[in-house]
Amino acid sequence: MQSTTRDTSQYTDNKEHDSLFFAKRITDVGSDQQSIIFAKSANITYIGLGARGLATSADGWLVTKIDESSDPTTIKHAIGILDNKSSLTYT
């Protein structure tokens with residue numbers, strides 16, 4: 001008789017699968033992030049994503065710039081101080 005260990009892929013598959021709903025189990029672990037959305041104009045939107053409690057004047061924000069002034073819409077990202085969103089270098 002073969003022993004069952006927790007290192008086998010079959011064991012993992014069995015633990016991840018919910019036989020009642022015939023679906024994979026997914027656990028939401030939550031997020032410790034905060035997001036702030038700024039609409040500078042009708043055509044440009046900035047979205048800042050940073051650690052919860054990070055001041056907008058502190059470095060470490062992931063800032064997304066969405067520019068809808070032309071077709072196609074461009075979406076670029078930068079890392080820096082959210083308060084300086086207009087002057088960040090986006091790529």
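Taking region 60-83 on its own, how many of its residues are β-branched (V, I, T) and crowded, with 16+ Cβ neighbours inside 10 Å?
The total comes to 3.
Hey, among K76, K24, which residue is at pLDDT below 70 and in contact with a strand residue (DSSP E or B) (Cβ under 7 Å, 6 or more places away or on another chain)?
Answer to the check: K24.
Return the residue satisfying two criteria in turn: it lies in region 27-59 and is among the acidic types (D, E) and either at pLDDT below 85 or touching a Phe, Trp or Tyr at 6+ places or on another chain (Cβ under 6 Å) (or both), and of such residues it is surrounded by the most Cβ atoms within 10 Å (Cβ to Cβ).
D32
The values are calculated or read from the model by the stated rules, or taken from the named source; none is laboratory data. Quick caveat, the model's predicted, so the values are computed rather than measured. Cβ: placed from backbone, ideal geometry, glycine included. Neighbour counts: every protein chain shown.
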